[in-house]
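Student: Provided herewith is a single structure, encoded as structure tokens, for subsequent inquiry.
No value in this document is a laboratory result; all are computed from the given coordinates. Owing to the predicted nature of the structure, the values given are computational and were not obtained by experimental measurement. Cβ placement follows ideal geometry from the backbone for every residue including glycine, while neighbour counts extend to all protein chains displayed.
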Amino acid sequence: MSRQRTFSDLYGLYMKSIEPLHLDDTLRVDLHCHDHNSNVTEELWGRLLRLPETWLPSEDLVAELKRNGSDVITITNHNNARSCWNLMDRGVDVLPGCEFTCTLPDVDVKIHVLTYGFTPDQEQKLHILRRDLYRFAQYANEHQIPLVLAHPTYFYNPRKIAPSRILARFAMVFTRFEVLNGQRGLRHNLLTWRWLRSIDETQMEHWQKETGLDPFDFNAEPYYKCAIGGSDDHMGLFAGSCGTWCTVPDLAHRRQDTPLSQLALEAIREGRTSPFGYIDGETKLSAALLSYFCQLATNMKDPGLVRLFMHQGSLKDKLTCLAIGNGLMELQRHKTSMRFVKTLQDALHGKPPGPVVRWMAGTEYGPVVDRLKRVALSRKESMEAYLSELRGLIPDLYRLFQAIVVSKASQNKDTNQGSGQPFEKMEMPSHLRALFTGEPHIASPDVVPLNLSKRLDQSSFPMLASLLVASANCLSAHTMSKDADLHRKLEQTFLSPGIKPRTLWLTSDDDDAFHQQLVAKSPQIDIGMIAVEERAFAQHHFAPITSVTLAGYQFQVPDLMSIHAALSNGDYDQVVCSGSPLVGLAGLYLRFTFRIAVHCVSHDGFQTYSDAAKTQAATDRVRRFARAYYRGFDRLLVTSDAQHQALSGPSFLLHPTQLACAPDWHSMEASQRADAAISWLRRHHRASQLNGAYPFDLWEEITSLVNVQE
């Protein structure tokens, strides 16, 4: 089966199949969006840093909704409807809405429930009942308050309850489901729709016996399931671009004497809804996070050190938030960086940089300003044009800033000399005064004097800016891959697993014969090759950002954002890294970002560094770096007995199941090494980790729906 039939193709056909037949009798409404009153985040890091989910004013959100064609306004903030009441007090026709966090008490699962058409008094009652979803839903049913389960395959499941048990409860309690969420990926939305279509009366009766829940306690017509959509916008970038068609018969006549909010509420209650919108989850989320980082840099306040460490959460979370907070507050001290932050935020919201900004940017930063201007102008053109420009924005900005970093570094004569051993003096003082001020301290011979405060002041703007945009890309993909295990289980249930796995092989090696054999001999495992340097065997080649020389060895620095895009677009299931440790670090970035298995072919460089070390301290430091490096991978293919003994010995303590040894690797022919590598990959491939798999019968099913509709 070809992978050219993407989730986008399937979802496009699905959207066509459910489009209302008579758009003249429909109201367009975004049933899931947020503003500044979503000010208490449920994310631990947000609470530790005392951050809201957004600073977006209600007026700006309403303006964006209207700009994108919304007929009815609703704002679904987390656990409160303050924005709705405030707008209604000012005479605006608003459908009261809220996104309540509710708990399934019998399985301790937390979910988000979109709720509409309640009064202020009912809101207070719902707020009390939300700790028990079943009582919450019963109350809503009694008072004709429609409920919608938001992003059904994203929920908090601390006890790791089997997904089938949770989904059964969802089907018992809800009749309305958000099958189109603008901040989620195509896979999530398609899986939700496919699961919803699988529910029938027989299945409901089975689940009723299994759960002990009576669906008629929660809905008058529990067997009728319907779909809604929403942008889930927090930044005012995409509000109204996704949403729901609410069908209202004889709309032209009824709207003359009935508020549109009431007509929309009536349609939601009666299930006369169909979702609409553009799905490009990672692009939208990356842009939203980029906008959020800009707001953070502008609005970040010191959360307080004592409060931070007295707060709930692990020490790891607290230290991470301490680093993030300090990074943002340091960014605020850089005037050039803050000017860029403002220009970027304006461009994302459709305000192009003016000629003064372009003149101040000069030749060096001119391409950055020009790129942001393209984004701003595209937003005024259309949502399709805007999304098209956003798709390449982060990689483009990253490459532009990295080119400036390299250019500045090359002006330093000592930057690429690479003299000496890099591990001889790679230690910072533990004395905090010496660390932050550079004052004299009781130093060890291998401790490098450091004035961290001065170094931070000297941090170059392009380095900070590239870190900012790369972080948005990383966290976007990391968020999209949340609950990856659940989604893989759902894919196995509702989508066919009968598609061969895909492996991304990332390398800086110059062993062309081996790599050509590897690609040619992989009928069972589809291997895509990315070479850091240009090679004939590579399906993708991304020019390295620069090269660095350490201990006489030259290393190519991979283009991380291009590799990120290749993995995201290629539906790969696992990654293998071979070559320099810098390539391995790129693989570890992919492991964190996409939550997929990343394996490594062992590298001889660490042993070379260890042999060249002049002191025992340097030798120990090499070993510790190597140990931390190799422990980050899921599996290791070790290419010699000596390496295998070292890695499984007391100095590294890697588990034997993590290691596979090919002791004659270096004496094997290229064909033999390819056979060994494929055998290793097939043995350790996680069959459940199937990205992008869907069966031909699903394609036929959706196509038939379109034909019936036509």
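Student: At q = 0.13, 0.22 Å⁻¹, what log₁₀ I(q)/I(0) does a Debye calculation on the Cα points of the range 285-424 give, no solvent, two decimals?
Tutor: Log10 I(q)/I(0), no solvent term: -0.76, -1.29.
Student: Here's something else I'd like to know. Go through 239-251, 207-219 and give me the packing order, highest mean Cβ count within 10 Å leading.
Tutor: Highest-to-lowest ranking by the protection proxy: 239-251, 207-219.
Student: Run through the DSSP bridge list for the range 25-279 and note the antiparallel percent, rounded to the nearest 5.
Tutor: So the antiparallel bridges amount to about 70 percent of the total.
Student: Report relative contact order for the range 285-424 in percent, whole number only (criteria: Cα-Cα under 8 Å, sequence separation at least 6).
Tutor: RCO, the range 285-424: 18 percent.
Student: How do 262-274, 327-339 rank on mean C-beta neighbours within 10 Å, highest first?
Tutor: 262-274, 327-339
Student: Still on this structure, please answer the following. What is the ratio of the Cα radius of gyration of the range 25-279 to 2.2 N^0.38 Å, where N is its residue count, to two decimals?
Tutor: Computed over Cα atoms of the range 25-279, the ratio equals 0.96.
Student: Over the range 25-279, what is the mean sequence separation of C-alpha contacts under 8 Å (at least six apart), divided by residue count, expressed as relative contact order in percent?
Tutor: Contact order relative to length: 25 percent.
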